[in-house]
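Contents: one structure, followed by commentary.
Values quoted throughout were computed directly from the atomic coordinates according to the rules given, and no laboratory measurement underlies them. Since the model is a prediction, treat every value here as computed from it, not as a measurement. Here the Cβ is made from the backbone with ideal geometry for all residues, glycine too, and neighbour counts use every protein chain on show.
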Amino acid sequence: MKNELHSNPNSESSRVVFCSEVNDLSSDQALQGLAGQLIEKSLQPEIKKYCPNDQARRFASLETFEDWWRQTPTTLIGFYGQEQDLAGIVFFRGRNPKNEFKETDCSSEVTFAIRIYDDYRGSGLSRIAMRDAHNWLFSNSVENPEDLQHFANQPNVQQSGLDVSGGVWLSVDKNNPRAQKLYQKFGYVVCGQNDQRILMEYNRN
C-alpha cells in the first residue's frame, strides 16, 4: 500500500516552504532535517537514473547542499508523509535556461523541478505537489484563497527573490516519457531541446 501524506493530502502540515532568502541552514533545524533526508533519498535508483546530479552534486552532503542553497535564490517545498518522512520535494530556483539550451526563445529565468520518492510513487502526490507548488509560485494570480491555505504563515513568493514575470521552465530526460506526459498535462509546452533533455515552459501570468 502506498504511503499517504501526513493526516491527508490537503493538510497544511504536509507542506513546508523554505526560501534561501529567509531560511539559513546553519540555524534552521527543520531545513537541516530536510537536507539530511534529501541526501539519503537521492541514493534511490530512480532518482540516480533520471536526476543524477542530486546524488553527485546538489545533495551529496550537507556541504554540497549548503553551496547549492546559497548560490542563487531558491525555494524548496517539502511534502511529508507520516512521522515527517519526506515524500517528495519541489524546488524553484533562479536560473537562465540558455545556460543549458543554447537555442530557445524561453523567457523564464526560474527553473522548476520535482522529486517523488520510492514509497510515494503512484499515490497521486506528483499531481498534488505540482498544483500546490505552482499556486504558491503564482499566488498573485490565484483567485480562490483556499488554494493557498496550505501555505499560511510560511514564506511567500515575494520573500523568495524569484522573478516569475516570465513564467517558469524545466528540463526533462528524453527517456522519461511518464514525466513528459505529466508536465504536458499540467500545461507545460516544449520550447527547446538538446541531445539528452527537453526544455519546457509554463506561465500563468
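Observations, loosely collected:
- Rotationally averaged projected area of the chain (alpha carbon convex hull; nm²): 10.9
- Among 170, 34, 182, the order by Cβ neighbours within 10 angstrom, fewest to most, reads 182, 170, 34.
- Fully extended contour minus Cα-Cα distance, from residue 163 to residue 149, at 0.36 nm per residue: 2.8 nm
- The stretch 87-159: C-alpha gyration tensor shape, a/c 1.5 cut-off, then a/b vs b/c: oblate
- Extreme residue, positive dipole direction of the stretch 12-202, given options 154, 61, 123 (C-beta unit charges): 123
- Between residue 21 and residue 83, the simple label model (points 7 Å from Cα in the Cβ direction) yields a spacing of 3.8 nm.
- Counting only Cβ charges, +1 for Lys and Arg and -1 for Asp and Glu, the dipole size of the chain around its Cα centre is about 740 debye.
- For the chain, with +1 on Lys and Arg beta carbons and -1 on Asp and Glu, the positive-most of 101, 17, 72 along the dipole: 101
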